[in-house]
Amino acid sequence: MPLARYQIRNEYSLADPELYRASNKDDPEALLEGVAMAGLFGVLRQLGDLAEFAAEIFHDLHEEVMSTAARGHGLMVRIRQLEAEFPSFEKPFLSQTDHSLFFANAGVDWHPNMLLNII
C-alpha cells in the first residue's frame, strides 16, 4: 500500500459552499452557476496547491543537483592533483631495469572498506 505524501482534495470541497447556497433555490440557472463558480474556484485552488508542491519538489531536486555538482568538483580537483603527482612516480618506475621485485612482492590486499591508520 503506497503512502500518500500529498493528497489532492475534491475541487468542490475546496470552495466555499456559500457560493452556491446563497443563490435562490427556485432559480436552477443561478444554482448551477454557483456550483460552476465553486468548481472553478476549487480548480484554481488545486492549481495553486500543485504549484506549491512542484516548487517544493524542484527545490529538493535543486539541492540534490548542487550537492552532486560539489562532489563532482571535488573529484575533479583530486584527479588534477593525481595527474600532477603521477609523473614523479612514473619516471622512476619506468627507469628500473630489474623488475623481479614486482614478481616477489605480493602487494597490498585491497578491500573497499579498508581503514588506514595514517600517522
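The values are calculated or read from the model by the stated rules, or taken from the named source; none is laboratory data. Keep in mind that this is a model prediction, so the values were computed, not measured. All Cβ positions, even for glycine, are placed from backbone atoms using ideal geometry, and neighbour counts span all protein chains on display.
See the values below:
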{"quantity": "Cross-chain or 6+ apart pairs with Cβ under 6 Å, segment 4-28 first and surrounded by 11 or more Cβ atoms within 10 Å (Cβ to Cβ), then of a type in the set (F, W, Y) and at pLDDT below 70", "calculated": "none"}
{"quantity": "Selection from segment 21-67 of residues that are over 23 Å from R9 (Cβ atoms) and of a type in the set (A, V, I, L, M)", "calculated": "A30, L61, V65, M66"}
{"quantity": "Pair list, Cβ under 7 Å, 6 or more apart: segment 36-51 residue without any contact (Cβ under 8 Å) to a residue 24 or more places away in the chain, other residue assigned to a helix (DSSP H, G or I)", "calculated": "M37/L19"}
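Okay, residues lined up against (1) exposed (fewer than 10 other Cβ atoms within 10 Å of the Cβ); (2) under 30 Å from Q7 (Cα atoms); (3) at pLDDT 80 or above; (4) among the hydroxyl-bearing types (S, T, Y):
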{"position": "I57", "(1), (2), (3), (4)": "no, yes, yes, no"}
{"position": "L75", "(1), (2), (3), (4)": "no, no, yes, no"}
{"position": "I79", "(1), (2), (3), (4)": "no, no, yes, no"}
{"position": "E90", "(1), (2), (3), (4)": "no, no, yes, no"}
{"position": "S95", "(1), (2), (3), (4)": "yes, no, yes, yes"}
{"position": "A106", "(1), (2), (3), (4)": "yes, no, no, no"}
{"position": "N117", "(1), (2), (3), (4)": "yes, no, no, no"}
